[in-house]
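One structure below.
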Amino acid sequence: MFDRVVVATDGSESVQRAIDVGLDVADRFDAEVHAVTVIDTTEVETAPETLRDEYRVALESQAEAALDRFSSRADDPAITTAIREGRPETEIRSYAREVDADLLVSGTRGRHGEHRPLLGSVAEHLVRSASVPVLTVRQLEDGEAST
């Protein structure tokens, strides 16, 4: 059913469960795994000009570390990784199209209620606009068990 699974990661704690779920789905379907992270260029452009180069280097280092952590969680060393630059939701969608993904996995903090309209998260943008199915994986609250 799935030949290629793309997992979006930013290295944050909220995406760790999504990585596990993405790897599990790929394992169950013997699918290729692609991990993608995006350096948000709008963050660099809005930084003070004197700090932009340092900030870009820091974001590049953070992106590399996120992909290293992703790869270290996987049993299969044949994971394809990519670092893109631009708006995260745009670049993740574009990458999924380029590799002909069958499934896109993204973490979400799972906000709802009064905060939901203000969320505007990358995951929500992906769900609304990706051309492939998107599996969002909610970060669990402390003490909440996964089922």
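The values are calculated or read from the model by the stated rules, or taken from the named source; none is laboratory data. No experiment lies behind these values; they were computed from the predicted model shown. Methodologically, a virtual Cβ is constructed for each residue, glycine included, from the backbone with ideal geometry; neighbour enumeration extends over all protein chains shown. Note: areas computed on protein heavy atoms with side chains; ligands, DNA, RNA excluded. Shrake-Rupley method; radii C 1.70, N 1.55, O 1.52, S 1.80 Å.
The residue pairs whose first member lies in segment 20-44 and is over 22 Å from E98 (Cβ atoms), whose second member is basic (K, R) and open to solvent by 20 Å² or more (accessible area, probe 1.4 Å), and whose beta carbons are closer than 9 Å, counting only pairs six or more residues apart or on different chains, are D20/R73; V44/R52; V44/R56.
Taken over segment 33-57, the criterion of being of a type in the set (S, T, N, Q), assigned to a helix (DSSP H, G or I) and surrounded by 16 or more Cβ atoms within 10 Å (Cβ to Cβ) is satisfied by T41 alone. Looking for something surrounded by 15 or more Cβ atoms within 10 Å (Cβ to Cβ), in a helix (DSSP H, G or I) and hydroxyl-bearing (S, T, Y) - is there at least one such residue anywhere in segment 12-23? Looking for residues that are surrounded by 15 or more Cβ atoms within 10 Å (Cβ to Cβ), in a helix (DSSP H, G or I) and hydroxyl-bearing (S, T, Y), one finds at least one in segment 12-23, hence yes.
Taking every residue in segment 129-140 that is of a type in the set (G, A, S) and pairing it with any residue that is not in a strand (DSSP E or B), at least 6 positions away or on another chain, the pairs with Cβ-Cβ distances below 7 Å are S129/R93; A130/R93; A130/A96; S131/R97.
Only a single item in (1) within 13 Å of the chain's Cα centre (by Cα); (2) under 27 Å from F29 (Cα atoms) is not met by S72, and it is number (1). For segment 81-103, a residue qualifies if it is of a type in the set (S, T, Y) and part of a strand (DSSP E or B), and exactly one does: T81.
Sub-7 Å Cβ pairs linking a first residue in segment 86-104 that is closer than 17 Å to A123 by Cβ to a second residue that is aromatic (F, W, Y) and surrounded by fewer than 18 Cβ atoms within 10 Å (Cβ to Cβ), at least 6 apart or interchain, are L103/F2, ordered by first then second residue.
Among the conditions (1) at pLDDT 95 or above; (2) open to solvent by 30 Å² or more (accessible area, probe 1.4 Å); (3) under 18 Å from L104 (Cβ atoms), the only one that D27 does not satisfy is (1). Looking only at residues that are part of a helix (DSSP H, G or I) and open to solvent by less than 30 Å² (accessible area, probe 1.4 Å) in segment 58-80, which one is farthest from S106 (Cα to Cα)? The selected residue is L59.
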